[in-house]
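Working notes for the structure below.
The values are calculated or read from the model by the stated rules, or taken from the named source; none is laboratory data. Remember, it's a predicted structure, so these values are computed and weren't measured experimentally. With ideal geometry, Cβ positions are generated from the backbone for all residues, glycine too; neighbour counts draw on all protein chains shown. The accessibility values were calculated without ligands, DNA or RNA, using every heavy atom of the protein model including side chains. Shrake-Rupley method; radii C 1.70, N 1.55, O 1.52, S 1.80 Å.
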Amino acid sequence: MGFAPTLQQQRRRCFIKCTALTGLIFLIASASAAQTTPPDQPDVSLYLKKYPGLLPEFGQLLDKLQHNLQFPPVRGPSRLLPLLPESTVFYAAFPNYGDVAHQALIIFRHELQESVVLRDWWQHGEMVKVGPKLEDSLEKVYQFSEYLGAEIVVSGATEGREPSLLILAEVRKPGLKEFLQKMVKELAGKSKPAVRVLDSQELATAVDQGSAQELVVLVRSDFVVGALNLGALRSFNARLERSGREFVSTPFGRRVAQAYQGGVNSLVAADIQKILNQIPVGTKQNQLTFQRTGFADMKYLIWEHKTVAGQAASQAELSFTGPRHGVASWLAAPALLGSLDFVSPKAIFAGTVVLTNPRQIFEDVMELIANSYPNASAALAQSEEALKLNLKEDLLSHLGGEITLELDDATPPQPVWKAILRVSDSNRLLQTVSTLLAAGHFVTQQSDEAGVTYHTFQIPSPMKAPEIGFAFVDGYLIIASSRETVAESVRLHRAGESLGKSKKFLASLPPGHSSEASALLYQDQLAMMALRLRQVSPEMAESLSQLAGETAPAVVCAYGEESALREASTSVGVDAAAVLVVAAIAIPNLLRSRIAANEATAVGMIRTVNVAQVTYRAAYPQRGYASDLATLGPDPRGAGAGSENHASMIDTTLGNASCTAGTWCTKSGFQFGITAICRQQLCKEFVVVGTPVASNTGGRSFCSTSDGVIRFKTGPPLTSPVSVSECLAWSPLQ
């Protein structure tokens, strides 16, 4: 670790990068609001001309934040963790950042006084409206944080049909209830508050107000707790009263407690196995396919962020109930990544992966494909017969499993890229490549230089034909965007000047980790952002490109173990672990929550139609019930008008002119329709139906008749309306 920079240098690099990122966010957001051009294409260059010198001012501001902000220290064992329900399957803990926000606000206000450029931007245009609100919000966050302890916990449990959510923190001074009530009232304005704030006595007598979106907050002398319904809040309050500690005695609770050893700043954990067991099982074939991937054996996901040896670092663990198999086993054990010795130190992106066995992976893929496409192997055999080669024996057998992709520049018309593959038999693989090129009618040329044979061919194109070059060197196949790029790669390898040997790369590795890994992602984030900005704002892209060389890159490493996949990162942004958390936890739970909300809305709409039908029958007895939704909808003559053809009893979403008999009308992920039983324009019976638009918007269909009882049926969305007798056979909604 002789190349490791000092802590001050690390922080400086980090904040130089943050400077550009934050400045970019501010500029694009402000320009989007201030310009008349479409918001998805803000004229940032014009905005920079309007406020010259603004980007450097952001740099100076963040440099002062770097040296003056005091972040919360790492925390040891949690006092909140043992209090959670034993059914907890999701856990997230974060430090109280209120004081940090206050420090940042003080520094920003001081810079406003010192900098004419910054003050001019803040006090003119759209920032005149946004600025004071932002400052006021930060002040309120700080005031709120003063009432809370050092840790804030969010947990999810699976008690009952829908997942429950808890937000928990310690209370360190009185007055929190009054502060929250005042803040909720101010935020709600003239609307009904979406948050109820109660004390223990009020909780005991509180009545459910029937709002599916209501957050209920309990303020005790020792804890503040938030939940989505009164039942969950009362249950947890009872747990607090009896000092229950069952969660830390569960295997998942013990694993989360273990993550606190050595201290953490932020921690996210999920009991994946329990979550998988609660997801409805699909078809037997889909279930079998999922098991074959090996991911059905996922156990726990743990992500933590803390400071190691003065450097911020994140690490994650995805554990399995047994040895990895199937797709989950494709990532090989950590190894020396020799392909990095061919990567340029000027690369803006490089990704390396070490696979276990390309032949076995091919067989796994074919087996998975065969479940959905039984003729896939036959089609492959025909292609192999035409090419006179065997994909597995003539190609994959000669690959070592290590693959690296590199991007140096994506500027048209000639992007600079490389692919580096470890090979086990260069001569045999060259024969296979030559066969493939001949089959594609590509004309290759050869040239020798310093003991290396370079091969080039051109890809037909209406523009200038791009050239592809490749060569075999020291057990690796280098394929690149040109012969010159391949030659430069060889030179870097022989001179020891590659990315893998650079001080910048070695200093960016996660603390305590070497370059031996199962996979590695290297990215110069500012250079990548400059690349994307070239079409929008060449000036800002050039500014970011100049900063890019001074900043530390983001490096993410992955490690394959027998029964776990691990990840470590120094990225200041969202790393791979956070993506795993979102994919494995947030998305399924959000989907379930959205389905629950859609179904609640559907039930409410059917109740509304029932009331409208009763009202319509009383107002127009000669017609009986309305024959369709359009009849219950608004009158074209305007508000206050109404007739037997347009009764103005439901809103235009479901009551518009197109919502006639035999058609579906959509709202909140559900389709609605009315079928009426009529004789000579007198309708004596009806059935209203609400069914999901798709399987991912709802799991149940609902109906009701003139008896006013709402009934449901679980299953896929309906494709046609139901009759009255069919509706009456469904289960009544409790």
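If a residue has to be surrounded by fewer than 16 Cβ atoms within 10 Å (Cβ to Cβ) and of a type outside the set (Gly, Ala, Ser) to count, how many in segment 75-88 make the cut? So that I can check it myself, show each step before the final result.
From segment 75-88, those surrounded by fewer than 16 Cβ atoms within 10 Å (Cβ to Cβ) are 76-77, 79; that's our starting set.
Pick out the ones that are also of a type outside the set (Gly, Ala, Ser) and you get 77, 79.
Final tally of qualifying residues: 2.
Of the numbered conditions (1) assigned to a helix (DSSP H, G or I); (2) at pLDDT below 90; (3) closer than 17 Å to residue 89 by Cβ, residue 273 satisfies every one except a single condition; which is it?
Only one criterion is unmet by residue 273, namely (2).
Residue under question is residue 112, and the condition is that it be touching a helix residue (DSSP H, G or I) at 6+ places or on another chain (Cβ under 6 Å) and either outside any helix (DSSP H, G or I) or not β-branched (Val, Ile, Thr) (or both); does it hold?
Against the criterion (touching a helix residue (DSSP H, G or I) at 6+ places or on another chain (Cβ under 6 Å) and either outside any helix (DSSP H, G or I) or not β-branched (Val, Ile, Thr) (or both)), residue 112 qualifies.
Condition (residue is within 30 Å of residue 314 (Cβ to Cβ), open to solvent by 20 Å² or more (accessible area, probe 1.4 Å) and either of a type in the set (Val, Ile, Thr) or modelled with pLDDT of 80 or more (or both)) applied to segment 527-542: is it met by at least one residue?
No, segment 527-542 contains no residue that is within 30 Å of residue 314 (Cβ to Cβ), open to solvent by 20 Å² or more (accessible area, probe 1.4 Å) and either of a type in the set (Val, Ile, Thr) or modelled with pLDDT of 80 or more (or both).
Of these, 77, 52, 72, which one is of a type outside the set (S, T, N, Q) and modelled with pLDDT of 90 or more?
On the way: 52 fails: modelled with pLDDT of 90 or more; 72 fails: modelled with pLDDT of 90 or more.
So the residue among 77, 52, 72 that is of a type outside the set (S, T, N, Q) and modelled with pLDDT of 90 or more is 77.
Look through segment 115-146, keep the residues that are modelled with pLDDT under 90 and in a loop (DSSP other than H, G, I, E, B), and return whichever of them is farthest from the chain's Cα centre (by Cα).
115
Tally up the residues in segment 653-684 that are in contact with a Leu (Cβ under 7 Å, 6 or more places away or on another chain) and among the hydrophobic types (A, V, I, L, M, F, W, C), please.
Residues meeting the conditions: 5.
Looking only at segment 118-141, count every residue that is out of contact with any helix residue (DSSP H, G or I) (no Cβ under 8 Å at 6 or more places or on another chain), closer than 20 Å to residue 182 by Cα and surrounded by 15 or more Cβ atoms within 10 Å (Cβ to Cβ) and tell me the total.
Here the count works out to 0.
When residue 225 is evaluated against the numbered criteria (1) more than 16 Å from residue 157 (Cβ to Cβ); (2) not polar (S, T, N, Q); (3) not in a helix (DSSP H, G or I), which criterion, by number, is the only one it fails?
(1)
Going through segment 229-247 one residue at a time, which ones are open to solvent by less than 40 Å² (accessible area, probe 1.4 Å) and part of a helix (DSSP H, G or I)?
Within segment 229-247, 230, 232, 233, 236, 237, 239, 240, 247 qualify.
Name the strands (runs of 3 or more DSSP E) wholly within segment 365-465 that hold at least 3 residues that are surrounded by 14 or more Cβ atoms within 10 Å (Cβ to Cβ), at negative phi and at pLDDT 90 or above?
In segment 365-465, the matching strands (runs of 3 or more DSSP E) lie at 399-409, 416-423, 452-458.
Residues checked against (1) among the aliphatic types (A, V, I, L, M); (2) open to solvent by 30 Å² or more (accessible area, probe 1.4 Å); (3) under 18 Å from residue 722 (Cβ atoms):
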site	(1), (2), (3)
606	yes, no, yes
617	no, yes, no
623	no, yes, no
632	yes, no, no
642	no, yes, no
646	no, yes, no
655	no, no, no
668	no, yes, no
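Hey, can you tell me all the residues within segment 495-519 that are among the charged types (D, E, K, R) and either part of a loop (DSSP other than H, G, I, E, B) or modelled with pLDDT of 95 or more (or both)?
497, 516
Just the residues that are closer than 24 Å to residue 150 by Cβ and either open to solvent by less than 60 Å² (accessible area, probe 1.4 Å) or within 32 Å of the chain's Cα centre (by Cα) (or both), please, taken from segment 205-228.
Listed by number, the residues that qualify are 215, 217, 218, 219, 220, 222, 223, 224, 225, 226, 227.
The conditions are (1) open to solvent by 20 Å² or more (accessible area, probe 1.4 Å); (2) within 27 Å of the chain's Cα centre (by Cα); (3) of a type in the set (Gly, Ala, Ser), and residue 262 fails exactly one of them. Which is it?
Residue 262 satisfies all of (1) open to solvent by 20 Å² or more (accessible area, probe 1.4 Å); (2) within 27 Å of the chain's Cα centre (by Cα); (3) of a type in the set (Gly, Ala, Ser) except (2).
Residue check, residue 354 against (1) exposed (fewer than 13 other Cβ atoms within 10 Å of the Cβ); (2) not in a loop (DSSP other than H, G, I, E, B), all met but one. Which one?
(1)
Could you tell me which numbered condition residue 335 fails, if it satisfies all but one of (1) closer than 24 Å to residue 493 by Cα; (2) among the small types (Gly, Ala, Ser); (3) buried (at least 19 other Cβ atoms within 10 Å of the Cβ)?
Every listed condition holds for residue 335 apart from (3).
Please name all residue pairs, on different chains or six or more residues apart, with Cβ atoms under 8 Å, provided the first residue is in segment 52-81 and is under 30 Å from residue 240 (Cα atoms) and assigned to a loop (DSSP other than H, G, I, E, B) and the second residue is open to solvent by 40 Å² or more (accessible area, probe 1.4 Å) and at pLDDT below 80.
74/307
Kindly list the number of the only condition in (1) crowded, with 16+ Cβ neighbours inside 10 Å; (2) closer than 24 Å to residue 79 by Cα that fails for residue 115.
Answer for residue 115: the failing condition is (2).
Give 152, 107 a once-over and let me know the one that is in contact with a Lys or Arg (Cβ under 7 Å, 6 or more places away or on another chain) and at pLDDT 85 or above.
Going through 152, 107 in turn, just one is in contact with a Lys or Arg (Cβ under 7 Å, 6 or more places away or on another chain) and at pLDDT 85 or above: 107.
Out of 186, 178, 170, 202, I need the residue that is crowded, with 16+ Cβ neighbours inside 10 Å and either modelled with pLDDT under 90 or out of contact with any Ser or Thr (no Cβ under 8 Å at 6 or more places or on another chain) (or both). Which one? So that I can check it myself, show each step before the final result.
Values: 186 fails: crowded, with 16+ Cβ neighbours inside 10 Å; 178 fails: crowded, with 16+ Cβ neighbours inside 10 Å; 202 fails: crowded, with 16+ Cβ neighbours inside 10 Å.
Only one candidate qualifies: 170.
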